[in-house]
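S.K.: Before I ask anything, let me first share the structure, which is written out below as structure tokens.
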Amino acid sequence: MTEHVVPKKIYIAVWATLLLMTLVTTLVAFVDLGRFNTVVALAIATFKASLVVLFFMGAKYAPRLTRVAIICGIFFLALLLAFSMVDYLSRLWPA
Amino acid sequence: MSHSTEAGAVTHPALQTPYRDLDQQRETATLGMFVFLLTELMMFGGLFCAYLVYRTLYFPSFLEASRHMDLTIGAVNTAVLICSSLTMALGVQAAQQGRGKTVVPYMVVTLLFGCAFLGLKAVEYYHHWHAHEVPGFGFEFTSSVPGVDVGKVQLFFVLYFIMTGLHALHMLIGIGLVTWITICASKGRYTRAYHNPVENVGLYWHFVDLVWIYLFPLLYLISRMHL
Amino acid sequence: MSAPSVAVEPREHYLNVDYGIRSWLLTTDHKRIGILYMISITVMFFIGGFFATLIRLNLMTPAGDLVSADTYNKLFTMHGIVMVFFFLIPSVPAVIGNFVLPMMVGARDMAFPKINLLSWYMYVIGAAITLYSIIVGGVDTGWTFYTPFSTTYSNTYVFSSIVGILFAGFSSIFTGLNFIATIHKLRAPGLTWRRMQLFLWSNYATAVIMILGTPVVAIALILVAVERVWHIGIFNPALGGDPVLFQHLFWFYSHPAVYVMVLPAMGVISELVTTFSRKRIFGYEFVAAASIAIAVFGFLVWGHHMFVAGISIYSALLFSIMSYLVAIPSAVKVFNWTATLYKGAISYRTPMLYAFGFIGLFTMGGLTGLFVAALGVDIHVTDTYFVVAHFHYIMVGGTVMAYLGAIHYWWPKMFGRMYPEGWAKLSAGIIFIGFNVTFFPQFLLGYLGMPRRYHAYASEFQVLNVMSTAGASILAVGYLLPLIYLIWSLRYGEIAPANPWGSTGLEWQTTSPPPTHNFEETPTVTEEAYSYDKHPEMEFVA
Amino acid sequence: MWTDFPLWPARAANFADRVDPLYMFLIAVAVFFSVGIFLTITIFAIKYRRSVHPQAEQIEGSLAVEATWSIIPLGIALFIFVWGASVYFSYGAPPKNALRIYGTAKQWMWKFQQADGQREINELHVPVGRDVAVTLISQDVIHSFFVPAFRVKMDVLPNRYRTVWFRPTRTGTYHLFCAEYCGTSHAGMIGWVVVMEPADYEAWLASGGEGSLASSGEKLFRHFGCISCHRSDKGARGPDLAGLYGREIHFQDGTTTVADENYIRDRILGPRPPDKQVAGWQRDIMPVFRGQVNEEQMLELIAYVKSLQQNPLNVNPNAPIPDEEQRKRNPQVAPQVIQP
Ligand code: HEA
Ligand code: HEA
Ligand code: CUA
Ligand SMILES: [Cu+2]
């Protein structure tokens, strides 16, 4: 079994996109979108993070097991955040 | 103990005890690294959870506190880390293609970027220190903005320092690891067949980058429209 | 499994390759690390048991005459910390798992032998720091470290205890890391997932929890330490923090941690029940899948420790229903073990007695878990002795029993000696009786309303408390006996054959004690686990 | 010492009748399953012991059987869940006309204040047959208010009011425990709940006579200068507080909330977020009282503010009209004073 070697071009493209998105996210912060500021910022961050994971960390070419592991991590992290927030957000709901 | 010499298995000086062949060794190491990174993810996850809860509860104070972050340094640092990730990825690629020695310059550049990040971070901390924004060390904060509670602003700074501090600690460890890789690479340790340390340190480095990719918008960019 | 059954005592095995102290302290052999773990957790168990003894003695009288209130608070805190983090969590995984897991997958060692050794050192450092904090003055926050008491009000050695626990946490992360990598990557040829022994499945599930849960409690405790040292508000309500957030972070790990404590034990039971009834397990897939289901659903129920703590009623509902869902896979396991006995050829060896004990007591502990998971009932029984009884039934009645069963079962493999069967059966009986006398009265006490962590109590609770203390002394005898006869057997026990129980388990297909790299030849697996019908030749020799 | 040996707690409040049946049902379930499993194991162990049944029969398992023993327990479990949840909900919001009692918990004592001022330490007197709501807050760490005979328990948190209610059904003296570990004398943070006949209760109240909570609160209202702003006349700089309690509050960001004890407390202690200012009033001229008002005074102030609603004449007919436009345009800058 040999590993997949990602071509240099792709790395450069990813890098350029990441830099661009950093610029975009910084600029967007100055535009008033109400509560969507946070949404946009997180969406861009997630996009960037996916690029890093998929290409730099090679998840796109990795065996299935690795991808399952990554999804697992995201899933449990989401659980931690979601179930905690359920408590805080629903505390003000009427009984 | 005789171990089965299956197809393609070469007895390599770098082959370690429980493994049958180098492929198995590399796959195991990579898996181990990813699993370790899951642990790291959940560790930062606990902090993100605390941050998320408090940010939701105390949004105005967090917003006000966030304005005291140095956006320029934050953004530049993000770029620096992204660049370091690129050089790291290229270094790993060199190792994968068996260009063992070319790993060295890439790693050195990565190191420089890493140090630059920490340097800028230190400058930033220093500014916070001067502005009395370090909780527990003469924290002072006055705000003319209505509705801002100093206690909650302090909470933001506490989380800020813990999150970026833990991240910086990871950077330090990363720098140590990259140095080690550089030394080993310059001795020509890594070949096309054996280079998992390079790959794993690469994974670690990208992960640290990844954490920062979230820290930057969460801490620096809560909302900047009314500067 | 085509296996070279070697009955002759080999000239060299992992115990006698080298005798020097360095050869133990620097070993990367998973079997030796398992033994190192066994010694260290035994020490910790008796320290924790010593605290339990003092707790019980103090509670003989309503006024709590033996020790002062402060001392008592330190006693139960240190009892909880030592027992949970330094005994029960590493018990089955780090001792038994370390010893047999690589053999069960047919590997020469763990995937990362050095990290395995590092894990033990982490444990020892953590234990040393914890013992240090105990000796210099102790800690009195309860093992749960609730804020703001732990951050602001307690003036005991909270910081150093936390550091100790952090080390223990990393040791368990490293163990989990090794388990996952070993099971994924080092399985012998032919050993597919569906052929794996159930002990592997349950330890795999455990490892997942260790990997994903432990870092969260680590960070929660770090936050407590930071808040304590720098006097800044993170959970302190006076500065806008929310003490309930700490509870969320703490239980996010500490509920799954209870499954870290029980899943490996369940794996042990699956091995014991099959071996001693010489049968395939009933419903292999379901028992295996139940382990994974428990690990995953176990992450969704943490809020059931906080029903009266001030969480919203809606999240209380969510956590309650999740607690009921997670009970189902446990039920499936209990039923499958029982069904495995059906038409078996059952022999009552000591490990099997422990397995029976486990099933019975775990069932009772688990069923009382249903009481505390019921929102309405938990309001009344939370923070009372009902909860204390619930968890001791599972942890002591369940896991400790399984651990002892495992020790007896694999003892011949570990040391090549048999223990004295008569003594072993006697002490299993004593433990079973002592256990029930100790902890059953606590259910009654709990519903009567005796709060836990009470140094002194209302006089109408005395009768039941005295009963409980009496039981604890029986229990102490029951625990001291194995310590004595097992050590005795190391020298005087009968020489054990390679496979005294006639088990089909892969770990039995090598010599006792095994050579350093486990197998003379990498085994190839050709059939499913527990295929007793295909191996009439594997017979009891003991 | 052996004479007093109860096995079942006293049943002295409404909740006992809700919790005990569920508990008994759970016992039945537990007995059924544990006895069932014990018996089955015993029978198998005897019938199939090696000496009489040397050859095991290999049985793979069966989907039908597995499904049965997953689904039946699941059904039972969900039934218990629903039952438990319904009991839990009955603990929810206290009935409207409940007798209101306020209390503070601190290391290591309980302090209660009856509505008309009677104070007590580690003792709580309540009338039988009447709904009683106890609102509690802690001055330091987390405590827990636990009356086993009432089947009532609630953690008492710092910085936040929580209310627990019950209806005593039997006179007598019952244990009050602190159930959340709170430090050295956790076990000593105990007291008694005395359930009395209503007439005795009235008599007991009358014997105290320290002046009601609300009247002490009125003094504080003057003492802290609240009165200088919160008035119903033209010179008022803050909203009239009459009728505030239980009213729906409209914030500038359009959200609403109901003014309960926590709301009033938060409002007195510290600034509201800018988007959560009460619509129509100048933001942040109200001083921050954190650190000046202790928990007991706070209870008195709140009692006073709540008492204001009993006087309908206090309602301000000239409620100010908020200048929404102006706020929207320039939310961060302090707006000019709006005259009511
Ligand atoms: C190994 C440890 C372990 C295990 C496995 C469990 C298992 C379970 N626990 Fe327990 N628990 C603890 C250790 C453990 N617990 C500890 C240490 C505490 C206290 C911590 C502290 O505060 O200090 C605690 C506290 C605790 C609470 C909080 C109580 C309180 O503080 O108010 C709750 C509430 O829901 C709970 C529920 C459960 C449930 C539903 C299960 C289930 O997983 C049980 C499932 C098992 C069965 C159900 C039995 C087998 C099934 C059958 C025989 C079939 C019949 C089944 C049905 C009809 C469904 N536990
Ligand atoms: C992992 C698990 C574990 C184990 C194995 C035990 C084992 C025992 N536990 Fe423990 N217990 C906990 C975990 C455990 N416990 C936890 C987590 C808590 C909660 C802590 C908290 O509230 O924060 C608790 C709390 C707890 C309490 C409640 C204290 C309180 O709330 O006030 C009690 C009271 O009876 C108790 C009793 C016992 C007893 C009698 C044993 C017995 O099984 C122990 C038997 C062992 C022995 C008796 C040792 C025998 C050896 C000797 C006696 C040698 C003597 C030593 C020398 C001479 C040096 N435990
Ligand atoms: Cu107050 Cu315990
Ligand atoms: Cu739990």
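The values are calculated or read from the model by the stated rules, or taken from the named source; none is laboratory data. Just so we're clear, the structure is a prediction, and the values are computed from it rather than from any experiment. All Cβ positions, even for glycine, are placed from backbone atoms using ideal geometry, and neighbour counts span all protein chains on display.
S.K.: In the range C:359-371, is there at least one residue being more than 8 Å from ligand 1 (Cβ to nearest atom), more than 8 Å from chain D (Cβ to nearest Cβ) and either part of a helix (DSSP H, G or I) or touching a residue at least 12 places away in the same chain (Cβ under 8 Å) (or both)?
M.R.: yes
S.K.: Please tell me if B:GLN16 is more than 13 Å from chain C (Cβ to nearest Cβ), surrounded by fewer than 18 Cβ atoms within 10 Å (Cβ to Cβ) and not aromatic (Phe, Trp, Tyr).
M.R.: In short, no.
The rows are residues; the columns are (1) out of contact with any Asp or Glu (no Cβ under 7 Å at 6 or more places or on another chain); (2) free of Cβ contacts under 8 Å to residues at least 24 places away in the same chain; (3) over 30 Å from C:GLY502 (Cα atoms).
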| residue | (1), (2), (3) |
| --- | --- |
| D:TYR23 | yes, yes, yes |
| D:PHE32 | yes, yes, yes |
| D:THR40 | yes, yes, no |
| D:ILE46 | yes, yes, no |
| D:ILE59 | yes, yes, no |
| D:ALA67 | yes, yes, yes |
| D:MET109 | yes, no, yes |
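S.K.: Look at the range C:174-205 and say how many of its residues are within 13 Å of chain B (Cβ to nearest Cβ) and hydroxyl-bearing (Ser, Thr, Tyr).
M.R.: Total satisfying the criteria: 3.
S.K.: Sort out which residues of the range C:372-387 are within 7 Å of chain D (Cβ to nearest Cβ) and more than 14 Å from ligand 2 (Cβ to nearest atom), and write them in order of number.
M.R.: Listed by number, the residues that qualify are C:ALA374, C:LEU375, C:GLY376, C:VAL377, C:ILE379, C:HIS380.
S.K.: Moving to a separate point now. How do the pairs read when you match residues in the range C:169-188 that are more than 13 Å from C:MET210 (Cα to Cα) and free of Cβ contacts under 8 Å to residues at least 12 places away in the same chain with residues anywhere that are polar (S, T, N, Q) and in a helix (DSSP H, G or I), using Cβ under 8 Å and keeping only pairs 6 or more apart or on different chains?
M.R.: Between residues of the range C:169-188 that are more than 13 Å from C:MET210 (Cα to Cα) and free of Cβ contacts under 8 Å to residues at least 12 places away in the same chain and residues that are polar (S, T, N, Q) and in a helix (DSSP H, G or I), the close pairs are C:HIS184/B:THR28.
S.K.: Additional query: Being crowded, with 19+ Cβ neighbours inside 10 Å and among the hydrophobic types (A, V, I, L, M, F, W, C) is the filter here, so list the residues in the range D:97-127 that pass it.
M.R.: Answer for the range D:97-127, where residues must be crowded, with 19+ Cβ neighbours inside 10 Å and among the hydrophobic types (A, V, I, L, M, F, W, C): D:ILE101, D:ALA105, D:TRP108, D:TRP110, D:PHE112, D:LEU124, D:VAL126.
S.K.: Mind counting the residues in the range C:24-67 that are in a loop (DSSP other than H, G, I, E, B) and free of Cβ contacts under 8 Å to residues at least 60 places away in the same chain?
M.R.: 2
S.K.: Across the range C:327-383, what is the number of residues that are basic (Lys, Arg) and either within 16 Å of ligand 4 (Cβ to nearest atom) or more than 19 Å from the chain's Cα centre (by Cα) (or both)?
M.R.: The qualifying residues number 2.
S.K.: Which one of the conditions (1) within 16 Å of ligand 3 (Cβ to nearest atom); (2) assigned to a helix (DSSP H, G or I); (3) of a type outside the set (Val, Ile, Thr) does C:TYR454 fail to meet, given that it meets all the rest?
M.R.: (2) is the only condition that C:TYR454 fails.
S.K.: Can you work out which of the residues in the range C:123-149 that are away from ligand 2 (no atom under 15 Å from the Cβ) and part of a loop (DSSP other than H, G, I, E, B) is farthest from C:PHE85 (Cα to Cα)?
M.R.: Among them, the one singled out is C:PRO148.
S.K.: Another question, if that's okay. Output the residues belonging to the range C:228-257 that are in a helix (DSSP H, G or I), closer than 30 Å to D:LEU269 by Cα and either within 31 Å of the chain's Cα centre (by Cα) or facing chain B (nearest Cβ under 7 Å) (or both).
M.R.: Those that are in a helix (DSSP H, G or I), closer than 30 Å to D:LEU269 by Cα and either within 31 Å of the chain's Cα centre (by Cα) or facing chain B (nearest Cβ under 7 Å) (or both): C:ARG228, C:TRP230, C:LEU239, C:PRO243, C:VAL244, C:LEU245, C:PHE246, C:GLN247, C:HIS248, C:LEU249, C:PHE250.
S.K.: Within the range D:135-147, does at least one residue satisfy the condition of being aliphatic (A, V, I, L, M) and within 16 Å of ligand 1 (Cβ to nearest atom)?
M.R.: So far as the range D:135-147 goes, yes, one or more of its residues are aliphatic (A, V, I, L, M) and within 16 Å of ligand 1 (Cβ to nearest atom).
S.K.: So how many residues does the range C:342-358 have that are part of a helix (DSSP H, G or I) and out of contact with any Lys or Arg (no Cβ under 8 Å at 6 or more places or on another chain)?
M.R.: 7
S.K.: I've got another one for you. Could you list all residues from the range C:384-393 that are crowded, with 24+ Cβ neighbours inside 10 Å and either hydrophobic (A, V, I, L, M, F, W, C) or over 15 Å from the mean Cα position of the chain (by Cα) (or both)?
M.R.: Passing the criteria: C:THR384, C:TYR385, C:PHE386, C:ALA389, C:HIS390.
S.K.: For the list (1) surrounded by 24 or more Cβ atoms within 10 Å (Cβ to Cβ); (2) more than 16 Å from ligand 3 (Cβ to nearest atom); (3) within 8 Å of another protein chain (Cβ to nearest Cβ), I need the number of the one condition that C:LEU101 fails.
M.R.: Looking at each condition in turn, C:LEU101 falls short on (3).
S.K.: Let me ask something else. Give me the residue from the range D:155-170 that is polar (S, T, N, Q) and surrounded by 18 or more Cβ atoms within 10 Å (Cβ to Cβ) and, out of that set, farthest from D:PRO198 (Cα to Cα).
M.R.: Within the range D:155-170, the match that is farthest from D:PRO198 (Cα to Cα) is D:ASN159.
S.K.: Also, I was wondering about something else. Suppose the filter is away from ligand 2 (no atom under 16 Å from the Cβ) and over 21 Å from D:GLU296 (Cα atoms); does D:GLY172 pass it?
M.R.: It is true that D:GLY172 is away from ligand 2 (no atom under 16 Å from the Cβ) and over 21 Å from D:GLU296 (Cα atoms).
S.K.: Based on what the data block shows, is D:GLU202 away from chain C (no Cβ under 14 Å) and either in a loop (DSSP other than H, G, I, E, B) or surrounded by fewer than 16 Cβ atoms within 10 Å (Cβ to Cβ) (or both)?
M.R.: yes
S.K.: Is it true that some residue in the range D:17-39 is at pLDDT below 90, under 23 Å from the mean Cα position of the chain (by Cα) and facing another protein chain (nearest Cβ under 9 Å)?
M.R.: Checked against the condition, which is being at pLDDT below 90, under 23 Å from the mean Cα position of the chain (by Cα) and facing another protein chain (nearest Cβ under 9 Å), the range D:17-39 yields no hits at all.
S.K.: Check the range D:164-178 and report whether any residue there is in contact with a Gly (Cβ under 9 Å, 6 or more places away or on another chain) and within 16 Å of ligand 1 (Cβ to nearest atom).
M.R.: Yes, because at least one residue in the range D:164-178 is in contact with a Gly (Cβ under 9 Å, 6 or more places away or on another chain) and within 16 Å of ligand 1 (Cβ to nearest atom).
S.K.: Let me ask another. Go through (1) under 16 Å from the mean Cα position of the chain (by Cα); (2) within 14 Å of ligand 1 (Cβ to nearest atom) for C:SER270 and report which single condition fails.
M.R.: Of the numbered conditions (1) under 16 Å from the mean Cα position of the chain (by Cα); (2) within 14 Å of ligand 1 (Cβ to nearest atom), the odd one out for C:SER270 is (2).
S.K.: Please count how many residues of the range B:134-161 are in a loop (DSSP other than H, G, I, E, B) and in contact with a helix residue (DSSP H, G or I) (Cβ under 6 Å, 6 or more places away or on another chain).
M.R.: 11
S.K.: Can I ask one more? Restricting attention to the range C:292-317, which residues are in a loop (DSSP other than H, G, I, E, B), in contact (Cβ under 8 Å) with a residue 60 or more places away in the chain and away from ligand 4 (no atom under 12 Å from the Cβ)?
M.R.: Answer for the range C:292-317, where residues must be in a loop (DSSP other than H, G, I, E, B), in contact (Cβ under 8 Å) with a residue 60 or more places away in the chain and away from ligand 4 (no atom under 12 Å from the Cβ): C:VAL308, C:ALA309, C:GLY310, C:ILE311.
S.K.: Right, another one. Find the strands (runs of 3 or more DSSP E) located wholly in the range D:147-196 whose residues include 2 or more that are closer than 18 Å to D:GLN114 by Cα, and list them.
M.R.: Once the strands (runs of 3 or more DSSP E) in the range D:147-196 are filtered for at least 2 residues that are closer than 18 Å to D:GLN114 by Cα, what remains is D:162-166, D:172-178, D:191-196.
S.K.: Now, a different point. Among (1) over 22 Å from C:ALA220 (Cα atoms); (2) more than 12 Å from every other protein chain (Cβ to nearest Cβ); (3) assigned to a helix (DSSP H, G or I); (4) of a type in the set (Ser, Thr, Tyr), which single condition is B:THR164 missing?
M.R.: (1)
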